[in-house]
Amino acid sequence: MDAFTTHTGRAVPLRRSNVDTDQIIPAVWLKQVSRTGFEKGLFAAWREDPSFVLNDPAYAGASVLVAGPDFGTGSSREHAVWALQQYGFRAVIAARFGDIFRNNATKMGLLPVVLPAATVEALQAAAEADPATEVTVDLQARQVRWGSETAGFEIDDYTRWRLLEGLDDIGLTLRHAEEVAAYEGGRQRWLPTTV
Amino acid sequence: MGRTLAEKVWEQHVVRRADGEPDLLYIDLHLVHEVTSPQAFDGLRMAGRKVRRPDLTIATEDHNVPTVLGPIADPVSKAQVETLRKNAAEFGVRLHPMGDAGQGVVHIIGPQFGLTQPGMTIVCGDSHTSTHGAFGALAFGIGTSEVEHVLATQTLPAYRPKTMAIEVSGELPYGVTAKDLILAVIAKIGTGGGQGHVVEYRGAAVRALSMEGRMTVCNMSIEAGARAGMIAPDETTFAYLQGRPHAPSGADWDAAVEYWRSLRTDDDAVFDTVVEIDASALTPFVTWGTNPGQGAPLDAVVPEPDDTPDPAAARRALEYMGLRAGTPLREVEVDTVFVGSCTNGRLEDLRAAAEVLRGRTVRTRTLIVPGSMQVRAEAEAEGLHEVFQAAGAEWRQAGCSMCLGMNPDTLAPGERSASTSNRNFEGRQGKGGRTHLVSPAVAAATAVTGRLTAPADL
Ligand code: SF4
């Protein structure tokens, strides 16, 4: 996965709550078996509306999405994360995230940042007032900075370390293969197998 | 201090615990389908890895498949299904393909085979994996990176979630179902209410539910934001399991049941959050908006946005849904009725719909889609298909069907459905489609009148 240390870019304010993963990438886009090309499906239905914020040229090339609460609820489709990344987003800021989306994002190196609702609003307002506003998402310092503002955010040490290093979870787990084998030796005998 | 059911199952599966790291959990059963697995198998291939435990893995074709007989017309869908077949063969994973007697929606076939048992950890690249919690299993949805992780290692690193108790006291009134209960729960706690939690459903009304009803309730835990939903196993659970193909037998059965009986929350255990609901006050429930928390009793009217917790979202939702505040929900006309999905595609659900449709005629396009080929066979053995066909409904093959707009069963833009599925998101059932979530009984009654209707209204 991509490592994430610090990223500076412009922000897109998405003033909607409960942006579910069916909106981020509608189901028709999930038929592909490759891992690429999902940026075309990002917010596919909403992008048909010329007034949708991503269609505003002022936000072209922005890389930080600032959304309403409960972003990424619903389906477990990791395609939502791929679509955001492939479109060019490096971080998503919201007051609350759907658990699975948030987990998927940290597996792929798209940083989900939780900030208080009022702080998210302030950042959205700043990006609306001046779309050229640069936002820095600093995982090292656990801070989001723009203009003269600084907001700290929380993220657990382990996930932060993994993101900073860009480490693949499977490789980390395989270091503990002996413990997995030992556990398997003690499983209850009645547990089902699919064979 | 005592432990909750979720904590007991979690602790039983910790392979490794270290300071400052998530627990490494062992996964007892991994369910796989065509949509969220191709990139995971690809990842294995690129890294030269194998599936660690093909014997704890099972695959089916459900999301993408048509529910009428014949080949898959859409070449992209066809390629995805063929990719699953190729991957299952290459990695030695049992697959139930289209047309197979064991094929069906992934969350319907696990319980049906007896593969879903109390105290297990179960994952799937699908958020409605929470369904399996009805057996007292810890079951949750994962993304494709995690699917690959489980395929490669049969484990998953995870942080222990918080615990929430939803205590449902009293008795559900006649005609009020598990679906109405869970829709009312979501409306009460909101789509983010369960975030970070495993929910345990408890109380007299939950104990009184059949396994099918319990699965309906646990299925929609994710719609309240929860990672998983659980119900402690009891005699109802054991009776459902006994004799199923993969359930233990003989001395193993006795040992298993003895262990399963220990899988209940200790009396002195403490939940992080407790929510209380009185079942006896509930009535048939429907959604009016574009998330499952935007619901109301069928007796109510479409609400004023300003009277809802999130007025801006409600205004957007009403605009998308083409509804006006103050309209009685019973006056909302629908074009299509869908009975099916992992929420309500089991035999009990089809019986409930058939009971309403017997001797009546539908006024809307009505799709009855069994959740699995076995459910289909069982329904036909009871003659339910004849009831549906006589009423003018379509009796389909098994699959996810109109639950999500990625197979041929979709709504056209602006079309409105009453659906027994679990998500009323914008475009969920097809671009521009409008969805009202309902129980199977309400779906069937709605098909008869063409307006949102409870069976008691007929
Ligand atoms: S029936 Fe619907 S919710 Fe269930 S697995 Fe299929 S698409 Fe997902």
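If A:R175, B:R396 are ordered by their accessible area, calculated over protein heavy atoms with a 1.4 Å probe, which sequence runs from highest to lowest?
A:R175, B:R396
Out of every Cα pair in segment B:1-130, what percent are spaced more than 21 Å from each other?
For segment B:1-130, the share of Cα pairs beyond 21 Å comes to 48 percent.
Applying the Karplus parametrisation 6.51 cos²θ - 1.76 cosθ + 1.60 with θ = phi - 60° to the phi angles of segment A:157-163, what ³J(HN,Hα) value in whole Hz is obtained for each residue in order, glycine and proline being reported as x?
4, 5, 4, 4, 4, 4, 5
Quick one: plug the Kirkwood hydrodynamic radius of segment B:264-383 (C-alpha pairs) into Stokes-Einstein at 25 °C, 0.890 mPa s, and report D in µm²/s.
Value of D from the Cα-based Kirkwood radius: 139 µm²/s.
If only Cα atoms are counted, what is the Rg of segment B:170-231, and what is its Dmax, in Å?
10.9, 34
Beyond 18 Å, what percent of the Cα pairs of segment B:300-458 remain?
56 percent
Please report how far the C-alpha centroid of segment A:13-68 lies from that of segment B:254-316, rounded to the nearest whole angstrom.
A separation of 30 Å, based on Cα centres.
So what's the Cα pair-distance distribution over segment B:192-260, bin width 5 Å, in %?
Calculated P(r), rounded to whole percents: 4, 16, 22, 18, 17, 13, 7, 3, 0.
Please report the relative contact order for segment A:97-184, taking Cα pairs under 8 Å with a sequence separation of at least 6, and give it as a percent rounded to a whole number.
Across segment A:97-184, relative contact order equals 22 percent.
Using a Förster radius of 45 Å, what is the FRET efficiency between B:E333 and A:A177 based on their Cβ-Cβ separation? Nearest 0.05, please.
0.15
Nearest 5 percent is fine: what portion of the DSSP beta bridges confined to the protein assembly as shown is antiparallel?
So the antiparallel bridges in the protein assembly as shown amount to around 30 percent.
Restricting to segment B:277-375, compute how many DSSP beta bridges are antiparallel as a %, nearest 5.
In segment B:277-375, approximately 50 percent of DSSP beta bridges are antiparallel ones.
Using the crude model of +1 on Lys and Arg Cβ and -1 on Asp and Glu Cβ, and no other charge, please compute the dipole size for chain A relative to its Cα centre, in debye to 20.
It comes to approximately 380 debye.
Cα centroid distance between segment A:128-180 and segment B:94-119, in Å?
Between the Cα centre of segment A:128-180 and that of segment B:94-119, the gap is 38 Å.
Put a dot 7 Å past each Cα toward the Cβ at A:R189 and B:A456; how far apart are the dots in nm?
It is 5.4 nm.
Note down the nm distance, to one decimal, between modelled labels 7 Å out along Cα→Cβ at B:R17 and at B:S210.
4.0 nm
Roughly how much of B:V274 is accessible, in Å² to the nearest 10, using a 1.4 Å probe?
Per-residue accessible area (B:V274): approximately 80 Å².
Along the Cα-to-C-beta direction of B:V270, a point sits 7 Å from the Cα; which residues of segment B:1-18 have their amide N less than 19 Å from that point?
Answer for this model: B:1-8.
Would you compute, from DSSP H runs of 4+ residues alone, the mean residue ellipticity of chain B at 222 nm, taking -39500 (n - 2.57) per run and dividing by the full residue count, rounded to the nearest 500?
Theoretical 222 nm ellipticity from helices: -9500 deg cm²/dmol.
Just to make sure I understand: if all protein chains stay in place, what is the order of A:W29, B:W288, A:W161 by accessible area at 1.4 Å, largest first?
Ranking A:W29, B:W288, A:W161 by accessible area, largest first, yields A:W161, A:W29, B:W288.
Principal axis extents for segment A:136-195, Cα atoms only, whole Å, descending order, please.
62, 21, 19
Can you pull out the chymotrypsin sites (Phe, Trp or Tyr not before Pro) in segment B:161-240 whose DSSP state is coil and whose Cβ has at most 11 other Cβ atoms within 10 Å?
Of the chymotrypsin sites (Phe, Trp or Tyr not before Pro), the ones in loops of segment B:161-240 whose Cβ has at most 11 other Cβ atoms within 10 Å are B:Y174.
From the residues B:G392, B:T191, B:L411, which one has its Cα farthest along the dipole of chain B in the positive direction, the dipole being from +1 and -1 charges on Cβ of Lys/Arg and Asp/Glu about the Cα centre?
The Cα lying farthest towards the positive end belongs to B:L411.
Among A:L167, A:L65, A:A94, whose Cα lies farthest out toward the positive end of the dipole of segment A:64-195, if unit charges sit on the beta carbon of Lys, Arg (+1) and Asp, Glu (-1)?
A:L167
With a point put 7 Å past each Cα toward its Cβ, work out how far B:A251 is from A:R142 in nm, to one decimal.
5.3 nm
Rg(Cα) of segment B:375-455 divided by 2.2 N^0.38 Å?
Normalised by 2.2 N^0.38 Å, the Cα Rg of segment B:375-455 equals 1.13.
For segment A:86-195, give the share of DSSP beta bridges that are antiparallel, in percent and rounded to the nearest 5; count only bridges with both residues there.
Restricted to segment A:86-195, the bridges split so that about 65 percent are antiparallel.
Over the alpha-carbon set of chain A, work out the extent along each principal axis and list the three values in angstrom, largest first.
Taking the Cα atoms of chain A, the three principal extents are 63, 39, 26 Å.
Net charge near B:P284, counting Lys/Arg +1 and Asp/Glu -1 over other residues with Cβ under 14 Å of its Cβ?
Here the charged neighbours net out to 0.
With θ taken as phi - 60° and the coefficients 6.51, -1.76 and 1.60, list the Karplus ³J(HN,Hα) couplings across segment B:327-338 in order, rounded to whole Hz; mark glycine and proline as x.
Karplus-based 3J(HN,Hα) across segment B:327-338 equals 6, x, 4, 5, 9, 6, 8, 10, 9, 9, 10, 10 Hz.
Under 15 Å from a point placed 7 Å out from the Cα of B:R3 along the Cα-to-Cβ direction: which residues of segment B:243-264 have their backbone N that close?
Counting only backbone N, you get B:259-264.
Using alpha-carbon pairs under 8 Å, 6+ residues apart, how would you state the relative contact order of segment B:347-448 in percent?
RCO, segment B:347-448: 30 percent.
Taking H placed 1.01 Å from N in the peptide plane, check which residues at least 5 places from B:L95 or on another chain put their amide H under 5 Å from its amide H.
Correct list: B:A59.
Kindly list the residues of segment A:98-140 that lie in the label zone of A:T8, defined by a backbone N under 14 Å from the point 7 Å along the Cα-to-C-beta vector.
What the label zone holds, given the 14 Å backbone N cut-off, is A:133-139.
Under a cut-off of 22 Å between alpha-carbon atoms, report the lysines in cross-link reach of A:K40, not counting same-chain residues fewer than 8 places apart.
Within the straight-line cut-off, A:K40 pairs with A:K31, A:K107, B:K78, B:K431.
Over its Cα atoms, what ratio of radius of gyration to 2.2 N^0.38 Å does the protein assembly as shown give?
The protein assembly as shown yields a ratio of 0.91.
Pop out the ³J(HN,Hα) list for segment A:31-36 in order, Karplus 6.51 cos²θ - 1.76 cosθ + 1.60 with θ = phi - 60°, rounded to Hz; leave Gly and Pro as x.
Rounded to whole hertz, the list is 7, 6, 9, 8, 9, 10.
What translational diffusion coefficient, in µm²/s and rounded to a whole number, does the Stokes-Einstein relation yield for segment B:282-322 at 20 °C and a viscosity of 1.002 mPa s, taking the hydrodynamic radius as the Kirkwood radius over Cα pairs?
208 µm²/s
Give, rounded to the nearest 20 debye, the magnitude of the charge dipole that segment B:178-257 has about its Cα centre when Lys and Arg contribute +1 at Cβ and Asp and Glu contribute -1 at Cβ.
Charge dipole of segment B:178-257: 280 debye, to the nearest 20.
What Rg and what Dmax come out for chain B when only alpha-carbon atoms are used, in angstroms?
Looking at chain B, its Cα Rg and Dmax stand at 21.1, 64 Å.
What number, in percent, do you get for the relative contact order of chain B if the mean sequence gap of Cα pairs under 8 Å and at least 6 apart is divided by its residue count?
17 percent
Quick one: how many Å² of B:T449 are accessible to a 1.4 Å probe, rounded to 10?
Approximately 30 Å² of B:T449 is accessible to the 1.4 Å probe.
For segment B:235-281, what log10 I(q)/I(0) values come out of the Debye formula at q = 0.14, 0.17, 0.21 1/Å, with one point per alpha carbon and no solvent?
-0.57, -0.70, -0.81
Could you identify which residue out of A:A151, A:A182, A:A67 has the top mean-square fluctuation in a GNM of chain A using Cα springs shorter than 10 Å?
In this elastic network of chain A, the residue with the biggest mean-square fluctuation among A:A151, A:A182, A:A67 is A:A182.
Work from the charge dipole of the protein assembly as shown (Cβ charges, +1 for Lys and Arg, -1 for Asp and Glu, about the Cα centre) and give the residue of B:G430, B:A269, B:M230 farthest towards its positive end.
Of the options given, the answer is B:G430.
Let's see if you can work this out: charge +1 on each Lys and Arg Cβ, -1 on each Asp and Glu Cβ, no other charges. What is the dipole magnitude of chain B about its Cα centre, in debye to the nearest 20?
The calculated dipole for chain B is roughly 860 debye.
Quick check: from the Cα gyration tensor, does segment B:95-215 come out rounded (a/c under 1.5), prolate or oblate?
It is oblate, given that a/c is not under 1.5 and a/b is not larger than b/c.
The values are calculated or read from the model by the stated rules, or taken from the named source; none is laboratory data. Everything numeric here is computed off the predicted structure, so don't read it as measured data. Because the Cβ atoms are built from the backbone with ideal geometry, glycine has one as well, and the counts that use them run over all protein chains shown. To get the accessible areas, we keep the full protein, side chains included, count just its heavy atoms, and leave off ligands, DNA and RNA. Shrake-Rupley method; radii C 1.70, N 1.55, O 1.52, S 1.80 Å.
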